[in-house]
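Take a look at the structure set out below.
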Amino acid sequence: MLARLLDIDTALLTAHTVVRRFREGDGASLYDLVQDNHQRLYDYFPQTIRMVSSKEEAEFFVRQRLADWHLQQEYTFGIWHSKATELIGMVRVHELDWKLPDAELAFFIDQRYSRKGLMTEVLRALLNFSFNQLALEKLRLRTGMDNIAAQRLARKCDFRREGDLRGDFRKPSGEIADVMLFGLTRAEYLGV
């Protein structure tokens, strides 16, 4: 474990959101969010849907993410709208490899709040957190070939397309899908 990571921020503020570490008791809100967006998330987040299949399972998921945070294995944040004070999304810095160090990002936002620029705000705050507080050297982002919105967001936040991963993801239907891989290095982020 890295001692310098014991005092990192647990909440990030943007113009319209509060992006904060999940707390005990947030499971019910996460369950409701996933249920409200089930159809939208079905192809892209099947594992999350399975892990958040009831309010009890959602609370267990939240507590697992808290444990992962303390063990420096993953950093998961809920996204709350600052005015409505409701959970509207989730973003994860996961698949951490402290040897490089690098990680992968995964995120989603409630369909009612998509295309309003909120995920751009959130992702930019998370880039600052990842490169300046976690001191990562690289972030990866994988999107489905048909997820144009996520690809557009990646490019908007200066991620570069690094290639395509053929047959890299199995959808719940059993279909094997190709994935587009994006990356952003610390040097690119800092402009060096």
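FYI, it's all coordinate maths here, none of it is from the lab. Quick caveat: nothing in here was measured; it's all calculated off a predicted structure. All Cβ positions, even for glycine, are placed from backbone atoms using ideal geometry, and neighbour counts span all protein chains on display.
A compact table of results
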read-out: Total residues in segment 5-27, condition assigned to a helix (DSSP H, G or I) and touching a residue at least 40 places away in the same chain (Cβ under 8 Å); value: 1
read-out: Residue within segment 109-129 that is crowded, with 19+ Cβ neighbours inside 10 Å, at negative phi and of a type in the set (Lys, Arg) present; value: no
read-out: Some residue of segment 50-64 being within 22 Å of ASN147 (Cα to Cα) and touching a Gly at 6+ places or on another chain (Cβ under 8 Å); value: no
read-out: Strands (runs of 3 or more DSSP E) completely within segment 78-165 that count 2 or more residues being of a type in the set (Val, Ile, Thr) and touching a residue at least 12 places away in the same chain (Cβ under 8 Å); value: 87-97
read-out: Residue satisfying all of: in segment 1-45; of a type in the set (Ser, Thr, Tyr) and more than 23 Å from ARG170 (Cβ to Cβ); surrounded by the fewest Cβ atoms within 10 Å (Cβ to Cβ) among these; value: THR10
read-out: Flag for LEU30 being assigned to a helix (DSSP H, G or I), in contact with a helix residue (DSSP H, G or I) (Cβ under 7 Å, 6 or more places away or on another chain) and closer than 22 Å to ASP9 by Cβ; value: yes
read-out: Among (1) of a type outside the set (A, V, I, L, M, F, W, C); (2) assigned to a loop (DSSP other than H, G, I, E, B); (3) surrounded by 14 or more Cβ atoms within 10 Å (Cβ to Cβ), the one test that THR48 misses; value: (2)
read-out: Count of residues meeting criterion [among the charged types (D, E, K, R), surrounded by 13 or more Cβ atoms within 10 Å (Cβ to Cβ) and within 28 Å of ASP110 (Cβ to Cβ)] in segment 153-190; value: 6
